């Protein structure tokens, strides 16, 4: 009986230990997704911490009105830089998903080429293909393999960049969540005028230009002269130019959203067609109407269409997230 109790206690202790280890390991894994990478970067990136500290120092109480005014544009610039880093991480992650799709595409092409080489080798041995044509296929395979190695290196570099941007500690591991597309129908819920008003209200470009215009106005009224009048006129022109820039950027982004959604619909149609063709070719293969290499080609076209659809979804999301950045005041050129 004692032995049974001891064995039971040991089992319980072992179970608890395993559970603790599992929980500890789980806590050390940071899952990264499009939805959370902005916050992860904004909260943890050392560059953002430095910029935030600089803003705090510049904005400390005790500065004179003139000092606050003189530092306003610098604070604005630092704030933009902080958001730029975080939005840049978001865009980089989306680019990472596209790199993974490029890798899958290369693998599909390489697989098909290997099957083609088997057929070509038989044709070459039978004298139905020239040596030059056969070697060209062999070289194509080598080039694809080389491209795959280069792409894998690029993927690894992006992973390192993402880890750096979210500033993982030595005992933390990064797990990138699978891509989850946003519903393209979301743009139908957007009110154009309301979005434009939000972009204008939050625009750091406009804010900086307005601060410059305000300072020029104050200088002119406090110390009226030809010089201060010219400075004010230049500030007015700069402010109007900034408004035009924001308006044009908004128009481009609004149009881009519609274009990316249209491209998404086209990719969906192509996928449906490729799927239908592949299903028909499977039947044709069973009846001996087409060869095995033809079926592989059809299957690869179907797989490629799936990848193209996901790329279209990623392109739409990249554009949508850039639009979100614009609404937050960071123009397209700053959103990266």
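Where a number appears in this text, it was derived from the coordinates with a stated rule and is not lab data. Only a predicted model underlies this, so the values are computations on that prediction, with no experimental measurement involved. Positions of Cβ are generated from backbone atoms using ideal geometry, with glycine treated the same way; all protein chains shown enter the neighbour counts.
Label zone (residue 133, point 7 Å along Cα-to-C-beta; backbone nitrogen cut-off 19 Å) within the range 267-296: 291-294. Which of 204, 124, 196 ends up with the largest GNM mean-square fluctuation for the chain, with Cα atoms connected below 10 Å? Looking only at 204, 124, 196, the biggest GNM fluctuation is shown by 124.
Arranged from fewest to most other beta-carbon atoms within 10 Å of their beta carbon, 318, 165 become 318, 165.
Let me make sure I get this right: for the range 183-336, a, b and c are the square roots of the gyration tensor eigenvalues over alpha carbons, sorted descending. Under 1.5 in a/c it's rounded, otherwise prolate if a/b > b/c, else oblate. Which is it? The shape class here is prolate.
Neighbour counts of C-beta atoms inside 10 Å place 302, 87, 214 in the sequence 214, 302, 87, starting with the fewest. Cα-based radius of gyration for the chain, normalised by 2.2 N^0.38 Å, reads 1.46. For the range 128-196 versus the range 266-286, the spacing of their alpha-carbon centroids is 25 Å. Extent of the range 33-180 along its three principal axes (Cα atoms, max minus min coordinate, largest first): 90, 32, 26 Å.
Ordered by the number of other Cβ atoms lying within 10 Å of each residue's own Cβ, fewest first, 56, 316 fall into the sequence 56, 316. Against the empirical curve 2.2 N^0.38 Å, the C-alpha radius of gyration of the range 242-308 lands at a ratio of 1.83. Against the chain, whose longest principal axis is taken from its Cα atoms, helix 131-166 shows a tilt of about 40°.
Helical runs (DSSP H, four residues minimum) scored at -39500 (n - 2.57) apiece and divided by the length of the chain put the mean residue ellipticity at 222 nm at -29500 deg cm²/dmol.
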